[in-house]
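So the structure is just underneath, and the comments pick up after that.
The values are calculated or read from the model by the stated rules, or taken from the named source; none is laboratory data. Every value quoted in this text rests on a predicted model; they were computed, and no experiment measured them. So basically every Cβ, Gly included, is an ideal-geometry build from the backbone, and we count neighbours across all protein chains shown. Heads up: the accessible areas ignore ligands, DNA and RNA and are worked out on the full protein's heavy atoms, side chains in. Shrake-Rupley method; radii C 1.70, N 1.55, O 1.52, S 1.80 Å.
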Amino acid sequence: MTRDELGAGIVAVAQAIDVAGFCPSKSGNVSARTEAGFLITPSGLPYAQTTPADLIELSLDGAVLSGARKPSSEWPFHAAIYRARPEAQAIVHTHSPRATALSCTRRGIPAFHYMIALCGGADIRCADYATFGTPELAENAVRALEGRKAVLLANHGVIALGASLAGAHQIVAEVENLAGQYLDILAAGLDPVILDEAEMARVSAKFAGYGKVG
């Protein structure tokens, strides 16, 4: 994929999550790995106005390689995840409403539904809180993402990673869906039945065979 094609894909995903209501007040960001580092969306620019030319390429240690704009303030966790997870080719971060609401309780999402397996394991963890844009947040995110493709950030939002932009986008959308379902169960005063690890392992294997896990 050329840089122009990769940039167009990043902008398409950023605009899609914006239209879906996942990025209030210009929040959230999208990146994709490059040979030299990664391309990421700029800081403070509405996604509806963003073009591939507005993207910034950074090295994995945060040095600006190309681009005239300021990169997203969350670039540290993108860089940290790419360093820690060689298989990750794209990262999508949102402040989607229901997943963010759940993150403010500092609780993750258990395996109440088999679609949790899309996110890489038997649950979706909630990373410890740290101020946005800090190395501490990056460290907490990487730790909570071990063996997973998605994580809630306490009092903050969601991170999803994928083997492609489409995969990361699919996962972050499913996290919002699952968070909404889980909150509805809790709001009804019901106790969800949690699927055991053996069943989640079977589901994960089926997803891999169907090519559903991005």
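Within straight-line reach of LYS149, meaning a Cα separation under 16 Å, sit the following aspartates and glutamates at least 8 residues removed in sequence or on another chain: GLU87, ASP123, GLU139, GLU174, GLU176. Accessible surface for segment 132-214, divided over its residues, is 48 Å² per residue with a 1.4 Å probe.
Each pair of Cα atoms in segment 47-108 enters the Kirkwood radius, and Stokes-Einstein at 4 °C and 1.567 mPa s then converts it into a translational diffusion coefficient of 94 µm²/s.
The distance linking segment 2-60 with segment 132-188 is 18 Å (Cα centroid to Cα centroid, whole angstrom). What the Cα convex hull of segment 90-152 gives, in volume per residue, is 91 Å³. Overall size of segment 5-51 from C-alpha positions, given as principal axis extents largest first: 31, 18, 16 Å. Compactness check for segment 130-178: Cα Rg over 2.2 N^0.38 Å is 1.14.
Counting Cα-Cα pairs of the chain in 5 Å increments starting at 0 gives whole-percent bin shares of 1, 8, 16, 21, 21, 16, 10, 5, 2, 1, 0.
Less than 12 Å Cβ to Cβ from ASN177, Lys/Arg counted +1 and Asp/Glu -1: what total charge do the surrounding residues give? It works out to a net charge of -2. For segment 1-92, the carbon plus sulfur part of the accessible surface works out to 55%, probe radius 1.4 Å.
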